[in-house]
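The values are calculated or read from the model by the stated rules, or taken from the named source; none is laboratory data. In this text the structure is predicted, and so the values were computed from the model without any measurement. Here the Cβ is made from the backbone with ideal geometry for all residues, glycine too, and neighbour counts use every protein chain on show. For accessibility, only protein heavy atoms count, side chains too; no ligands or nucleic acids. Shrake-Rupley method; radii C 1.70, N 1.55, O 1.52, S 1.80 Å.
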There are 2 protein chains.
Amino acid sequence: MFTRTLSAVAVSALVLSSGTAYAQTAPKPEPLIIQEQGSFAVGGSVSVTPGTYDNNAPTAAGQALHGDHAYVFYQKPQNPKALPIVMLHGAFQSARSWETTPDGREGFQNIFLRKGFSTYLVDQPRRGRAGNSTVAATIEPTPYDQLFFDQFRLGKWPDYFQNVQFDRSPEALDQFLRSVTPNTGPYDANVISDAMSALFDKTGPGILFTHSQAGGPGWLTAIKNTNVTGIVALEPGSGFIFPEGEVPADMPSAAGTLKGEVVPVADFEKLTKLPIIIYYGDNFPIEPTSERGRDNWRVRLAMAKLWVDTVNKHGGDATVVHLPDVGIKGGTHFLMSDLNNVEIADQVSKFLADKKLD
Amino acid sequence: MFTRTLSAVAVSALVLSSGTAYAQTAPKPEPLIIQEQGSFAVGGSVSVTPGTYDNNAPTAAGQALHGDHAYVFYQKPQNPKALPIVMLHGAFQSARSWETTPDGREGFQNIFLRKGFSTYLVDQPRRGRAGNSTVAATIEPTPYDQLFFDQFRLGKWPDYFQNVQFDRSPEALDQFLRSVTPNTGPYDANVISDAMSALFDKTGPGILFTHSQAGGPGWLTAIKNTNVTGIVALEPGSGFIFPEGEVPADMPSAAGTLKGEVVPVADFEKLTKLPIIIYYGDNFPIEPTSERGRDNWRVRLAMAKLWVDTVNKHGGDATVVHLPDVGIKGGTHFLMSDLNNVEIADQVSKFLADKKLD
């Protein structure tokens with residue numbers, strides 16, 4: 001503990017002073033020219049309680065509840081590219097994931113606006129500003145800071161990985177941990193992908209970025225709606241779906257067992273109609289380890305490789321990139337807000353250009 | 001029910017066709033020039049569970065939880081006015097209240113950006129994207145649509161008020177009801193005003209807009225932080241605070257009893273150091289009524305008048321405006337997103353100019 005405190009202070013002093021220097025000398029970013037911005041709810045359901053509503057003595061009787069919709073904040077730059085980008089956050093997160101980074105730099109929202117894309121940032125059903133759920137939930141304040149530090153690969157608590165693309169200042173960690181927000185109803189990939197499909201009905205053809213837990217609902221959205229013209233999946237963490245008869249063996253790990261999920265082959269093959277790219281960051285091994293936070297990602301990368309192979313075997317166009325293999329080191333689970341997120345965004349741009357999605 | 005359905009369809013046809021005409025003929029709004037935008041968490045606390053954290057078999061032991069902060073999305077136009085505007089939503093709402101209106105027009109976020117103000121839109125602690133609470137909560141899906149229709153003064157369910165400043169299309173009502181989002185921890189005016197005060201430490205001097213339930217935390221924020229240089233309170237609904245010995249008698253109503261709350265006189269008098277204006281809309285009476293949704297606001301306006309008198313008796317500068325008295329009719333509880341919200345914003349601008357806050 002003493003070691004950690006000492007090194008954190010020493011490192012943060014360096015980072016803060018270089019951060020200040022950067023703020024003083026870096027050119028002020030150009031202003032964003034926003035032709036239109038706003039928010040809306042999309043999708044969802046209405047549950048109605050039987051009975052007769054009494055205006056002056058209201059009870060549940062005869063009343064309705066609107067819930068299970070997504071909340072979306074959108075911005076359109078001037079002369080936007082034809083395809084907007086829809087961004088769907090991961091577990092314990094909201095659209096905040098794509099905004100300012102924990103250390104105060106621009107996130108994918110601003111970066112892709114600057115590249116000329118309209119952006120649609122989603123709070124999924126039963127999360128964040130889309131909190132109204134048709135199904136009850138109990139929220140226990142669950143102390144997860146240390147688990148997240150490990151599982152999201154900032155390091156092995158309390159030590160950061162040596163090459164980690166994360167600002168070691170206490171302020172950045174504080175911001176990172178405060179981006180966490182709970183489910184307000186049971187997690188349901190179908191409820192989420194239904195609302196996402198309704199969003200793509202509204203946006204028309206567009207590109208879907210998913211992070212982590214959103215990987216699964218992302219594939220389901222593309223199955224449900226042909227307006228999904230491409231998927232960029234950052235570290236998908238669950239919901240790997242395979243056709244009947246092709247589900248791989250379970251993958252045990254120090255963080256639990258990862259299982260493939262089955263879908264009808266006709267649904268699966270809808271995923272062969274659009275280009276898909278998957279990125280994973282650094283600091284987890286290919287061989288099993290007893291380190292829980294790292295082993296969690298070993299099996300996910302392995303599963304993603306089998307998944308990509310299966311998509312391509314069925315005639316699809318899917319790629320998985322383990323970023324250290326292309327020389328990009330130190331990536332955490334939050335590639336879109338890492339210190340090198342501009343470099344990550346450039347990788348994504350290259351993919352979009354290659355696939356004529358820009 | 002038949003009557004409602006019929007009239008809703010007939011009216012919505014009118015509104016939709018005029019809405020379409022508007023969209024075709026109205027000039028496209030000028031783009032917003034945003035010098036800087038982003039988000040952050042502010043304030044909050046950390047609760048720590050005793051014990052030792054085990055990286056590879058994590059339990060609650062030795063782990064921490066960051067919670068009770070506010071979430072803030074900010075935008076700065078080019079050459080902004082000196083004082084930013086901080087907007088705090090009411091009960092069952094998030095910062096979404098200030099964004100696009102239910103019928104798809106620009107809300108106070110865009111309107112005041114266009115007037116040259118930087119805007120800071122808050123999700124209060126334990127709500128929306130600031131969902132992490134240090135105290136547990138159970139979320140029951142509570143059917144409140146009809147109660148909200150009445151209490152937020154769209155009309156008397158299922159009929160709209162004849163002059164209501166609310167688009168009668170089913171789509172607008174759907175959007176309105178989907179802006180509802182639950183508490184993810186116990187409502188606590190002190191937790192909220194602590195985070196708001198931390199925000200004003202960060203912004204420096206600024207103007208605070210509050211809506212409904214945020215009235216109370218708004219006064220507390222100004223007591224806690226002298227950077228609050230003015231308050232615009234839209235239909236404050238609770239938290240009317242008075243000095244010891246000056247709390248008015250309880251006010252019974254068909255919607256329950258409204259009580260004043262007591263604070264030390266030294267705290268109260270901090271509210272005499274800044275200009276404050278309060279607005280209430282239309283369609284509730286001055287005399288008692290058995291109509292629950294309307295009587296709720298009768299006592300709130302009456303309490304606000306006593307509150308303003310008390311602030312001014314102590315040397316303050318507070319005003320309450322009952323909008324029908326100045327010829328502005330049909331206002332719902334959501335003045336900032338009503339059909340005449342540009343007119344409301346102009347009223348607010350006049351106040352800011354009079355008080356040299358712009």
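In the P(r) worked out for the range A:194-304, what percent of Cα pairs fall beyond 16 Å?
Values: 3684 of 6105 pairs.
Value for the range A:194-304 (Cα pairs over 16 Å): 60 percent.
Please list, in chain and number order, the residues 5+ apart from B:D317 or on another chain whose amide H is under 5 Å from its amide H, with Hs placed from the backbone.
Here B:L274, B:I276 satisfy the definition.
Could you work out how much longer the chain between A:R114 and A:K259 gets when fully extended? Use 0.36 nm per residue separation minus the Cα distance between them, nm to one decimal.
Numbers: separation 145, 0.36 × 145 = 52.20 nm, distance 3.88 nm.
Going from the current span to full extension adds 48.3 nm.
Using a Cα-Cα cut-off of under 17 Å, which lysines could be cross-linked to B:K329, ignoring same-chain neighbours fewer than 8 residues away?
Partners found: B:K156.
If you filter the range B:221-301 for GluC sites (Glu not before Pro), then keep DSSP loop positions with at most 16 other Cβ within 10 Å, what is left? The partial results should precede the final answer.
Details: sites: B:E244, B:E246, B:E261, B:E269, B:E291; in loops: B:E244, B:E246, B:E291.
The qualifying sites are B:E244, B:E246.
With a ≥ b ≥ c taken as the square roots of the eigenvalues of the C-alpha gyration tensor of the range B:33-354, please select rounded if a/c is under 1.5 and otherwise prolate if a/b is larger than b/c or oblate if it is not?
Because its axes are fairly even, with a/c under 1.5, the range B:33-354 counts as rounded.
Can you compute the FRET efficiency between A:A57 and B:K81 using 1/(1 + (r/R0)^6), with r the Cβ-Cβ distance and R0 = 41 Å? Round to the nearest 0.05. Walk me through the intermediate numbers first.
Working: r = 48 Å, r/R0 = 1.17.
Using R0 = 41 Å, I get an efficiency of 0.30.
Stretch A:S349-A:A302 to full length: gain in nm at 0.36 nm per residue minus the Cα-Cα span? Please list the in-between numbers first.
Numbers: separation 47, 0.36 × 47 = 16.92 nm, distance 2.49 nm.
Extra length available between A:S349 and A:A302 comes to 14.4 nm.
Ordered by packing density, taken as the mean number of other Cβ atoms within 10 Å over each peptide's residues, highest first, how do A:229-235, B:283-289, B:180-186 rank?
On the way: A:229-235: 24.1, B:283-289: 14.3, B:180-186: 21.9.
Going from most to least packed, we get A:229-235, B:180-186, B:283-289.
To the nearest 100 Å², how much accessible surface do chains A and B hide from each other in total, with a 1.4 Å probe? The partial results should precede the final answer.
Values: alone 16460 and 16420 Å², together 26620 Å².
Between A and B, the summed buried area is about 6300 Å².
Keeping all protein chains in position, work out how much accessible area A:V308 exposes to a 1.4 Å probe, and write it in Å² to the nearest 10.
For A:V308, the solvent-accessible surface is approximately 10 Å².
Give the average, rounded to an integer, of partner chain Cβ atoms located within 10 angstrom of each Cβ in B:146-155.
Values: counts 9, 6, 3, 4, 4, 2, 0, 0, 0, 0.
That works out to 3 on average.
Given H placed on each backbone N at 1.01 Å, which residues far from B:S253 in sequence or on other chains put an amide H within less than 5 Å of it?
Correct list: B:L258.
List, shortest first and in nm to one decimal, how far the label point of A:D354 (7 Å from Cα along Cα→Cβ) is from its counterparts in the other copies.
Spelled out, the distances from A:D354's label point are 6.3 nm.
Leaving ligands, DNA and RNA out of it, report the carbon-plus-sulfur percent of the accessible area of the range A:45-186 at a 1.4 Å probe.
Numbers: 2240 of 4290 Å².
Carbon and sulfur: 52 percent of the exposed surface of the range A:45-186.
Among rounded, prolate and oblate, which fits the protein assembly as shown when a ≥ b ≥ c are the square roots of the eigenvalues of its C-alpha gyration tensor, a/c under 1.5 means rounded, and a/b larger than b/c means prolate?
Numbers: a/c = 1.75, a/b = 1.44, b/c = 1.21.
Verdict is prolate for the protein assembly as shown.
What does the net charge come to around B:Y279 if you take all other residues with beta carbon closer than 15 Å to its beta carbon, with K and R at +1 and D and E at -1?
Details: positive: B:R153, B:R300, B:K305, B:K329, B:K350, B:K355; negative: B:E235, B:D282, B:D325, B:D338, B:E343, B:D346, B:D354.
Once all neighbours under 15 Å are counted, the net charge is -1.
State, to one decimal in nm and shortest first, how far the label point of B:K305 sits from each corresponding label point in the other identical copies (label point: 7 angstrom along Cα-to-Cβ).
7.7
Note down the accessible area of B:S212, probe 1.4 Å, to the nearest 10 Å².
For B:S212, the solvent-accessible surface is approximately 10 Å².
Can you give the helix-only mean residue ellipticity at 222 nm for the protein assembly as shown, where every DSSP H stretch with n ≥ 4 adds -39500 (n - 2.57) and the sum goes over all residues, rounded to the nearest 500 deg cm²/dmol? Provide the component values of the computation, followed by the final result.
Values: 18 runs with 226 residues, N = 716.
About -10000 deg cm²/dmol.
Please list 3J(HN,Hα) in residue order for the range B:92-108, calculated via the Karplus relation 6.51 cos²θ - 1.76 cosθ + 1.60 where θ = phi - 60°; whole Hz, with x for glycine and proline.
For the range B:92-108, the Karplus-derived couplings read 6, 10, 10, 4, 3, 3, 9, 8, 4, 6, x, 9, x, 8, 6, x, 4 Hz, x marking Gly and Pro.
Quantify how strongly other chains surround peptide A:96-106 by giving the mean number of their Cβ atoms within 10 Å of each of its Cβ atoms. Let's see the in-between values first.
On the way: counts 9, 0, 1, 7, 7, 1, 2, 0, 2, 1, 3.
Shielding by partners across A:96-106 averages 3.
With the cut-off at 1.5 for a/c, could you classify the range B:282-334 from its C-alpha gyration tensor as rounded, prolate or oblate? Could the numbers behind the result be given before it?
Working: a/c = 2.89, a/b = 1.60, b/c = 1.80.
It is oblate, given that a/c is not under 1.5 and a/b is not larger than b/c.
Run the reach check for A:K305 against lysines, Cα to Cα strictly under 18 Å, same-chain hits fewer than 8 apart removed. What comes back?
Partners within reach: A:K259, A:K313.
Over the whole of A:320-333, what's the average partner chain Cβ count within 10 Å per residue? Rounded to a whole number, please. Show your work: numbers first, answer last.
Values: counts 0, 0, 0, 0, 0, 0, 0, 0, 0, 0, 0, 0, 0, 0.
Mean partner-chain Cβ count within 10 Å for A:320-333: 0.
Taking only protein heavy atoms into account and a 1.4 Å probe, give the accessible area per residue of chain B in Å². Don't skip to the answer; put the middle values down first.
Numbers: 13290 Å² over 358 residues.
Per-residue value: 37 Å².
Starting from the Cα coordinates of the range A:78-131, work out the convex hull volume and express it per residue in Å³. Don't skip to the end; give the middle numbers.
Values: hull volume 4.5 nm³, N = 54.
In the range A:78-131, the Cα hull volume divided by residue count equals 84 Å³.
State which entries of A:K202/A:K356; A:K224/A:K355; B:K28/B:K356 exceed 28 angstrom in Cα-Cα distance in the structure shown.
Values: A:K202/A:K356 22 Å; A:K224/A:K355 21 Å; B:K28/B:K356 31 Å.
Going by Cα-Cα distance, B:K28/B:K356 fall outside the 28 Å limit.
Measuring from a point 7 Å out along Cα→Cβ, what nm distances, shortest first, does B:N163 have to its partners in the other copies?
Copy-to-copy label distances at B:N163, shortest first: 7.0 nm.
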